[in-house]
Amino acid sequence: MRWAWIMLAVLGLAWLSFLCQEGEWPAIPADFSAYWGGAKLALAGEAGRAYSGAGFDDFLGELHEAQPRGGLRFPYPPSMFLLLWPLGLLPFAAAWAAFLIPGMAAFFLIARRLTDPVTAAGMTFAIGGPIHSIQMGQNGFYVAALLIGGLLMLQRSKPVAGIAIGVLAIKPHLAVVAIFALLAWREWKALGWAIATVLALSLLSAIVFGPNIWVDFLRGSFAFAGEVVSSKDTLVMGMHQTFIALLLRNLDPNLALIVHAAIAVIALVLCFQVKGRELSIVAVAATTFIVTPYAYLYDTAVLVLACALVISVDRRLSLVLAIVISVTGLWFFTLINVVTFVALAMLLLAWFKSKSGQRREPEFVQTAEAK
C-alpha cells in the first residue's frame, strides 16, 4: 500500500505550501534558530549564554533583527555544541538546509532498507513528525535514525549501536527506554560503548568550552524545567505529546505524576515481553513516547520509522499503519494530543503480533546469550 504513504507525503507538503502562502513559514525566529544561535555562541566562546533563558531569546532576536519570539530555549547538554558548531559558519537558510538534509537522508536510507523506495520517500515527508521536523527545523529525523538505526545495528556492530545510543543521549528523555532495552537484552558491550560515548562527549565539551559550561547547563536546565512545569496551559493544550500532559487536564500534578509512572511501568513490562528483532525495536520506540514526560510532535518521526520495521515483518499492515500515523497529523488542525494513543496502539500491535507469531528472541539477544 505504497500509495497510502505517498498520500501522507502529499498532505505534509500541502501543509507546508499552505503555511508558505499564508506567510507563516518559515517563521523567524524558528525552533532551528536555537541551534543556529547556539552554534554561533559556541564559535564566539560564549556557549554559556545559550542557557540564559530570556537572555537567549533576546540574543536570537538581535541575530535575526526581529522581535524576540519568546520561549525559545537551548535545553541540550553542552555536548550538543560539539555537533552544532559548524552551523554557525553558515547563513541562516544554508544552515537550516545543512542541518535538515543529512538527517532526512539517514531517515530515508533506514526506511529504504526496511521497505521500498516509494514508501520510504512517503515516510520522509509524511504529515506528522517528519513534516513537523522540516517545518520547525527540528531534530526528529536524527532522533529516529539514532534510535531505530542504533538498535538495528546491534546485530552487525555493537560498538556502532552503542555510539548511536550514546549520541542520542543529547536528548536523554528519549534515550532512557533504549538504555533499559540494552540492559534487558544483556547487550553489555553496546551499553559500555553508549556510556563511554556519553562520558567522552561530556569530557570533550568541558575541555572545549570550559568546565563552567556544565554549571550553566544545570542552572539553565532547572530554570527550564520550572518553566515547563509552570506552563500548565501549554502542557494541556496539546503542545506536549505525553501522558502527563493528558493527565494534567483532570488530575492534581502530584497524582498525575503517580499515574504516569504507573502507566510507564506497565508499558515497560509489555515492551520487554515482545520477541523478534524488528518488533522488539518497535516496542522500544513506542514505549519511549509512553514513558517520556517531555515530547513534541516532531519527535514522533521515530514512530514513522518504526512503522517501516513493522512493514518489514508484515507488509499487509502498511495501510493500517499509514492511517495510524495520519492521526498524528490531526494535531496541526486540532492541537489535540493523540501521539500517546498512537504510541500505545503501536506497542500493543507489536506485543500482539509477537505473541500471535510466536517469534523468537531478538537475534542480538540470542548472540549475547551465546557469548
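The values are calculated or read from the model by the stated rules, or taken from the named source; none is laboratory data. Computed from a predicted structure; not experimentally measured. Using ideal geometry, Cβ is built from the backbone for each residue, glycine included, and neighbour counts are taken over all protein chains shown. What goes into the accessible areas is simple: the full protein's heavy atoms, side chains included, and nothing from ligands, DNA or RNA. Shrake-Rupley method; radii C 1.70, N 1.55, O 1.52, S 1.80 Å.
For the chain, find the longest principal axis of its Cα atoms and tell me its angle to the long axis of helix 31-43, 0 to 90°, nearest 10.
60
Contour minus end-to-end for Q21 and R113, with contour as 0.36 nm per residue of separation and end-to-end as the Cα-Cα distance?
29.6 nm
With unit charges on the beta carbons (Lys and Arg positive, Asp and Glu negative) and the dipole taken about the Cα centre of the chain, which residue among L268, V342, P172 sits farthest to the positive side?
Of the options given, the answer is L268.
Roughly how big is the chain's charge dipole about its Cα centre, with Cβ charges of +1 (Lys, Arg) and -1 (Asp, Glu), in debye to the nearest 20?
1400
Residue separation times 0.36 nm, minus the C-alpha to C-alpha distance between I28 and W3: what's the value?
My answer for the length gained is 5.6 nm.
Rounded to the nearest 0.05, what FRET efficiency is calculated for L43 and H173 with R0 set to 30 Å and r the Cβ-Cβ distance?
For R0 = 30 Å, the calculated efficiency reads 0.60.
Name the residue, out of F107, F209, F74, whose mean-square fluctuation peaks in a Gaussian network model built on the chain with Cα pairs under 10 Å.
Evaluated over the chain, the most mobile residue of the options is F209.
Under the definition of Cα pairs under 8 Å and six or more residues apart, what whole-number percent is the relative contact order of segment 279-360?
Over segment 279-360, the number comes to 45 percent.
Count of lysine pairs in the chain with Cα atoms under 25 Å apart, counting only pairs 8 or more residues apart in sequence or on different chains?
Lysine pairs meeting both conditions in the chain amount to 12.
How far is helix 339-357 tilted, in degrees, relative to the longest principal axis of the Cα atoms in the chain, given as a value from 0 to 90 rounded to the nearest 10?
20
Given a 1.4 Å probe, how much area per residue of the chain is accessible, in Å²?
42
Which listed residue (P130, L90, P29) has the Cα farthest towards the positive end of the charge dipole for the chain, taking +1 on Lys and Arg C-beta and -1 on Asp and Glu C-beta about the Cα centre?
Value computed over the given set: P130.
Per DSSP H run of n ≥ 4, the term is -39500 (n - 2.57); total these for the chain, divide by its residue number, and report the mean residue ellipticity at 222 nm rounded to 500 deg cm²/dmol.
Here the helix-only value at 222 nm equals -21500 deg cm²/dmol.
Pop out the carbon and sulfur fraction of the accessible area of segment 49-111 as a percent, whole number, probe 1.4 Å.
With neighbouring chains kept in place, the figure for segment 49-111 is 66 percent.
Given a 1.4 angstrom probe, I'd like the percentage of the accessible area of segment 245-328 that is carbon and sulfur, rounded to a whole number.
69
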